[in-house]
Amino acid sequence: MQFRDLKAQYQALKTEIDAGMADVLASGQFILGKQVGELEQKLAEDVNRPYCVSCANGTDALVLALMLWGIGPGDAAFVPDFTYFASAGCASTVGAEVIPVDIDLTTFNMCPDALEAAIERVKLEGKFRPAVVIPVDLFGLPADHDRIAAIAKKHGMRVLEDGAQGYGGQIGDRQACSFGDAATTSFFPAKPLGCYGDGGAIFVDSEEEDALLRSLRANGRGVEDKYDNQRIGMNSRLDTLQAAILLPKLKALREYEIAAINEAARKYTQALGDAVKTPVIPEGYTSSWAQYSVLLENRKQRDGVQKVLKEQGIPTMIYYPRGVHQQTAYADRHWSDEIFPNTVEATNRILSLPMHPYLTDEDIDTVSTALKKAIRG
Ligand SMILES: *Cc1c(COP(=O)(O)O)cnc(C)c1O
C-alpha cells in the first residue's frame, strides 16, 4: 500500500500529462514557456485572487513574499509551532525573529488566543516589532483566517497564508490561497496539488506586487533592461515541464479529486469511530486532506501501533515529531515546552494514515481494521 499513491494518479492522467510534456520538449522553451503563464492565470482564477506568480518551491514562495514586504531584522514573524519547518525558516532566512505560537488541538492549526498572547508578550518585551503572522493551512484545513485577520489588523500586522498543504481547502466558498495579504503554496509531489519535482506559487492582490515578485524571482531584474538588476532577489522559477504537468492535475483536482478524498475521509472516520480521535473539520470548512491524522492515547500507544502497522505493510507517518520550538536550529532561544502544551501533545500522539484520492474502499477497510486491532493489542 502507498502512503500517497502518485502512480495511480499518473495512470489516471497519463495521456494528458504525456502530451503536455511532449509539447514542452518539442517547443524547447524550458524556462518560462507559455505553459507557465497559462498555469499562473488558471491558478489565480481558481482561488479567486487577481495575481499568481509561480516559483521554484513552497519555501522560496514564502521567502519571496517576505522579501516583497521588506520583512527583515527587527521584525517578529508569528508562526504556528506545529508545522513543516519552512513556515518558520522563511522568516529566519530574511533575518526576522521567529515567534512560535501554540496550536488548537482540535484543528491542529494556529490558536488565535495564543497568537494574541504572543503578540502582547513581544510588544511588552519591546525587542522586536510584530510585523507578520504566517498561519498555515495544516493537513489541508484552512486556518481560522477570519479571527487571525482581525488580530493582525488590530496590531497593524500583515498576514501571509502558508497554503502549501492547503490548496483546494475552503472556508464557505472562499478558497485557500485567497486569505491573508498574500498567500503561498507548494507543488511538492505529495501536496494536494503536486508536480513531478519542486514548484511553488505566490498569490497577491495588486499589479505592483505581481511585478515586484517577477523581478525578485529573477535576481531582481529590471522590467525594461533585464541586465539592469534593480534589487537583490533570487533565482526561483517554475520549470515549464512542471507547469505542463500541473495543468491537467489542477483540472483533475477540481473535477473529482477533492470530492474523492473527502469521501475517503468520511469512510475512515466512520470506520474508526471511537477507537481513536479522528480529525474534526469545523462547520463551514472544507479540507483538501493533505493528511488524515488521528490522535492515539499517548506516545507509547502511538509508537506501538505504528510498528504493528508497518509489519503488515501499512505505511504511516508522524507529522510532526517536534514543534518549531524544539528544533535544534532554534536551541539558543531556550523555548520551554510549557508555552506549547498542545504542540507537545500532538507530537506525542499524532499518526497520519495513508491518504489520497485514489484510495480504495478495501484500502480504507484494511487500514482501519488493522489500526483498531493494533490498539486492542
Ligand atoms: C511543504 C511545505 C512547505 C515548503 O514547500 P516546499 O515546496 O517543500 O519548499 C512550506 N510550508 C508547509 C506548511 C509545507 O507543508
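Being of a type in the set (A, V, I, L, M, F, W, C) and more than 17 Å from the chain's Cα centre (by Cα) holds for only one residue in ALA26, ALA65, ALA56, and it is ALA26. Of the residues in segment 190-199, at least one is within 23 Å of TRP69 (Cα to Cα) and modelled with pLDDT of 95 or more. For beta carbons closer than 6 Å, sequence separation of 6+ or different chains, a first residue in segment 158-187 that is closer than 16 Å to LYS42 by Cβ and a second that is surrounded by fewer than 24 Cβ atoms within 10 Å (Cβ to Cβ) and polar (S, T, N, Q), the qualifying pairs are GLN175/ASN48; SER178/ASN48.
The values are calculated or read from the model by the stated rules, or taken from the named source; none is laboratory data. Since the structure is predicted, the reported quantities are computational estimates derived from the model, not experimental observations. Ideal geometry is used to build each Cβ from the backbone, glycine not excepted, and the neighbour counts take in all protein chains shown.
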